[in-house]
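Heads up: the structure comes next, in structure tokens.
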Amino acid sequence: MNLRAELFLFLTFLLLACDNGGMLDSEGLASSGSAFEQFTRASQLYYRGRLTAALEEFNGVIYRYPNSPLVSDARLAVRRVESDLSGEELQEDTSSSPSVNARIAVVGKPSVDASILAVGAALRTIGAGVTEITDDQAPALTVVFYRHGYDVAASVVADSLGRWLSHPDNVAYRPGEELIGTVAQGYDVLVIVGSDAVFAPSIH
């Protein structure tokens, strides 16, 4: 058993040991009223073989509690569960999670303000410095633009959006030096959140 598996079991047993009567449901699963409880519930579901449900709960930790110290472990768990679901072997690496070292402007029309805020909060979980901007002239399609030298960061952002959104499920990214200089001067990556952005159920 690896260290992460031991951590999951430890958290699960710790919560069970601290049961105060209202923390477990009729199936003996932890509630999801806090980041810790939701992480524990996800771990329980994983060890019961309910991978899809576990994936939803781990994603819930990431999106409901973006400032929790459990977010990085939840992201690792999501990778593990997705690997288990696809039947592919998870490639171990030395980095704990994808990280974006870039200044990101998230821009959209006022009508998609809730989506702008949700994208900004989600991007902060991968280490990005984010500013949300509303602009009446913003396009209606979701796309990522980047300045020279920030193509890798833009790729991570576009890939992350592809996981967080149920539509569009493939977010394009392309150079946009001039556009960024006009719309969001001083930023490295520009995320346009269009009216086509529909979040996966685990976001809300």
Report summary line: Here the gain from full extension of Ser155 to Glu82, 0.36 nm per residue of separation minus their alpha-carbon distance, amounts to 24.3 nm
**Report entry** Residues of the range 39-80 with amide N under 11 Å of a point placed 7 Å along Cα→Cβ from Arg124
**Finding:** 65-68
Report task. Rounded to the nearest 0.05, what FRET efficiency do Thr52 and Asp136 give with R0 = 35 Å and r taken as the Cβ-Cβ distance? Could you check? Result -> 0.30
Requested in this report: Using 0.36 nm per residue of separation minus the Cα-Cα distance, give me the extension gain between Arg174 and Asp196 in nm, one decimal.
Outcome: 6.1 nm
Query raised in the report: Label points 7 Å out from Cα along the Cβ direction at His148 and Asn67: separation in nm?
Result: 3.9 nm
Query - Cα→Cβ-extended label distance, 7 Å offset, between Ala114 and Gln185, nm - result: 3.5 nm
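We did not get these values from a lab; they are worked out from the coordinates using the rules stated. Just so you know, these numbers come straight off a predicted model, no measurement behind them. Ideal geometry is used to build each Cβ from the backbone, glycine not excepted, and the neighbour counts take in all protein chains shown.
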